[in-house]
Structures are given as structure tokens and as C-alpha cells.
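The values are calculated or read from the model by the stated rules, or taken from the named source; none is laboratory data. Source: prediction; values computed, not measured. FYI the Cβ positions are ideal-geometry reconstructions off the backbone, even for glycines, and counts take in every protein chain you see.
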Amino acid sequence: MPHPDDHRPARERGPIVFINFWRDGGMRHYSESVVHALQPEPVCYVRNYPGDTGADGPVLDIDFHPLRWRNAAAIRRVAALLREIQPRAVHLNNEQPALLPIYPQLARYNSVITLHDARSHAGESLAKRAFHQLHLQFVRRFVRKVIVHSEAIRDALPASFPRARIHIVPHVNYSLWARAATPPPPAPPLTVLFFGRILPYKGLDVLLAAARLLDPARFRFVIAGEGEVPAITAPNVEIDNRFITDDLLPGHFQRAHVVALPYHAASQSGVAQMAFAFGRPVVATRVGALPDIVHDAVNGLLIPPGDPAALAAALERLADDPLRARLTAAITVDQSSSDAAIRRALLAVYDA
């Protein structure tokens, strides 16, 4: 039901409340980047970890253990906060099990959620796939507006979602995570980074097949992320098989010349946004929304999925210094203006 404050001018309402309970990884990168991009608009960031984003809201002690009594207390604190400040908008980042009890109350507010994926990724557990479906039902029933990052994600949502409630807003840039000056890439060989959680849909098999087609003296591959990695004996392949914490993240991108996303399927990718934040071109497949952010011969190269030869040929092209320099220059220009564009797009959704 509409709240009386919906009819007041935006400047007379409370701050924007952004809620994120993901402590690390891509969801934290996304959330803090959105909060950063929204400033100087008043923002209250509700989270469960300390941080330095500059928009500090309540820091809540909450985790996903269903028997932890403090979960309920923290949810009550969120509800009390919303009643007290009557926010201009309440923006949730993605699906989080601990927050489901508060969803019925979101119907009373100008509620917004970012859905990064319309469907579960291949390789996810049965429990995660089941929760994803349950969460979509809660969103459809209680949340007023849905943000996705591409037409492909919108079109993949269930037909039961009213399309008028779905808004397409580009993915926020990740320049916040590359605040220190990024040094130029190291000397050859060309270093290709495969980064992030390793699941079958991300195409590590294609990357390794492409690596076997290239001269090991001219190309080096770094696989950095948590997940199942096959046994590899190639001398030009380095593996950092663990969750990459934020203190380790810059080093991997700074050491790379190029970031590879040889995905078999995808919705969108925060890894591409992180690569651009560090000024690194991306080779990506033409799947999902990747062509919406990786523009062929502008900030990277696009190839067909499942094609090691095409990936190897694209990497050969990027070994050319002038081409890489041109792509990097285009990335730098794009990164310089995107915060303002994201802020305008989000405010348009909030105030619609």
C-alpha cells in the first residue's frame, strides 16, 4: 500500500536507506560502490560489518545462522530504523536469507531491490537454487521496484513479474576499489587474469584449452579464486585457489595485462567492472549482458562462447601494445563519468 510520504517532494523525505549484509566479495564491492556513487545524496548504509564508505548507518550484528537469537533483534532494529526516518527509498542488494522476515514490511515503503541474476548459475547447490526461487516470490509480492542491469536479465525473470516494476540501470563502476594509483602492467609475457569464484559456467575449461594453443614464452595465465580447479602442470599457469580478500585483490589486477571472461553463460559480471576500474581490457564471450558492458574493440574484445581458438586469437590481438593502449584509454574516459550517470539513473528509479 502507498505510504503517505510517497507524495512528498524527494527533498522533504528522509535519506535513502541502502541495505547490504554481504560482508565481502562481489556483493560488498557492488554495495559500497553504489553508496559511494549516490553521494552527495543523503544515504544511510545498513550493514553488518565496519567500513569506510563515508555513509555510515547502523552496523548490525547479524549472520545467517537460523538459531541465532540476535538475528531477530537486528531485524527489529532495521524495521524500527525505517519507521523512524521514513526513507526516500529502501534499496536492498540482492537476495539474503536473513532479511526475508522484513520483506512484508517493505510493501509499506518505496522499496527497491537489485537482482543480479534472474536464474541460479549452473553448479550452484540445490539449497541455493531453491532459495533463489523462494526469494523471487517474496520480491514479486512485497518489493515495489526491481533493478536489473540488462534487458537480458529482465527478459529472463518469470512472466509473473509485472514488467512496469522492472527498471534497467547499468552496473555501477568499481573505481572505489582502485583508489590507489594503478601502476602500468608489468613487462611481457602478456599476463591474462581469470578472477573470481570458480564455477562450471565461467569457462575455465575454455581458458585452459586456449592456453595450450599459445606460446608459453609469450603468454602467462593467472587463475585467482575459490572453487574446483583441475590439476595443471603448465609452467605458464599460476593458480591462487582461495577466496581473494580485498587486500589481495588489487595485486592480481595490477599484475595483469588483460582479464578473461570466457563464460559459457552469464547475466552480468562484476569482474569486468573491476577490470575496468584498474584500466585493464577484457576478453569476454557474447553471452547474457556481457556485450552490454564489454564493447568490442572499444574497452575489450568479444568472442563466441565455447571457442578456445577464438579466445587464443583475441589474446594474440591484445598482445599488440598499441591496441591495448587504445582500449585502456577508452576505459579511463568511461570510468571518469559513470558515478554521476549511475546516481541520476538510481534517483530516477527511486522517485518514479
Just one listed residue, out of Val229, Val259, is outside the structural domain of Val139 (by TED's automatic domain parsing), aliphatic (A, V, I, L, M), modelled with pLDDT under 95 and surrounded by 14 or more Cβ atoms within 10 Å (Cβ to Cβ), and it is Val229
Within region 217-267, residues within 14 Å of Gly196 (Cα to Cα) and of a type in the set (Asp, Glu) come out as Glu226, Glu228, Asp240, Asp246
Residues of region 88-102 being under 26 Å from Pro170 (Cβ atoms) and outside any strand (DSSP E or B), in sequence order, are Arg88, Asn94, Glu95, Gln96, Leu99
| message | Please determine whether any residue of region 217-225 is more than 30 Å from Ser338 (Cα to Cα), out of contact with any Asp or Glu (no Cβ under 8 Å at 6 or more places or on another chain) and either of a type in the set (Gly, Ala, Ser) or at pLDDT below 95 (or both). | response | yes
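Looking only at residues in region 44-72 that are β-branched (Val, Ile, Thr) and out of contact with any Ser or Thr (no Cβ under 9 Å at 6 or more places or on another chain), which one is modelled with the highest pLDDT? Walk me through it before giving the result.
First, pick out the residues of region 44-72 that are β-branched (Val, Ile, Thr): 46, 53, 59, 62.
Among the residues that remain, those that are also out of contact with any Ser or Thr (no Cβ under 9 Å at 6 or more places or on another chain) are: 46, 59, 62.
On the way: Val46: 89, Val59: 65, Ile62: 63.
Ranking the candidates gives Val46 first.
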| message | I'd like to check something: does region 77-90 contain any residue that is buried (at least 17 other Cβ atoms within 10 Å of the Cβ), touching a helix residue (DSSP H, G or I) at 6+ places or on another chain (Cβ under 7 Å), assigned by TED's automatic domain parsing to the domain that holds Phe142 and modelled with pLDDT under 90? | response | yes
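I want to confirm something. Restricting to region 218-250 and keeping residues that are of a type in the set (Phe, Trp, Tyr) and under 26 Å from the mean Cα position of the chain (by Cα), which single residue is farthest from Pro186 (Cα to Cα)? Explain how you work it out, then say what you get.
First, pick out the residues of region 218-250 that are of a type in the set (Phe, Trp, Tyr): 219, 221, 243.
Next cut, under 26 Å from the mean Cα position of the chain (by Cα) only: 221, 243.
Details: Phe221: 13, Phe243: 24 Å.
Per the stated criteria, the residue is Phe243.
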The number of residues in region 117-156 that are modelled with pLDDT of 90 or more and outside any helix (DSSP H, G or I) is 7
Quick one: would you say Ala164 is farther than 22 Å from Leu261 by Cα, at pLDDT 90 or above, assigned to a helix (DSSP H, G or I) and not hydroxyl-bearing (Ser, Thr, Tyr)? yes
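From Phe219, Phe276, Phe243, Phe253, which residue is surrounded by fewer than 16 Cβ atoms within 10 Å (Cβ to Cβ) and touching a residue at least 40 places away in the same chain (Cβ under 8 Å)?
Working: Phe219 fails: surrounded by fewer than 16 Cβ atoms within 10 Å (Cβ to Cβ); Phe276 fails: surrounded by fewer than 16 Cβ atoms within 10 Å (Cβ to Cβ); Phe253 fails: surrounded by fewer than 16 Cβ atoms within 10 Å (Cβ to Cβ).
After ruling out the rest, the residue left standing is Phe243.
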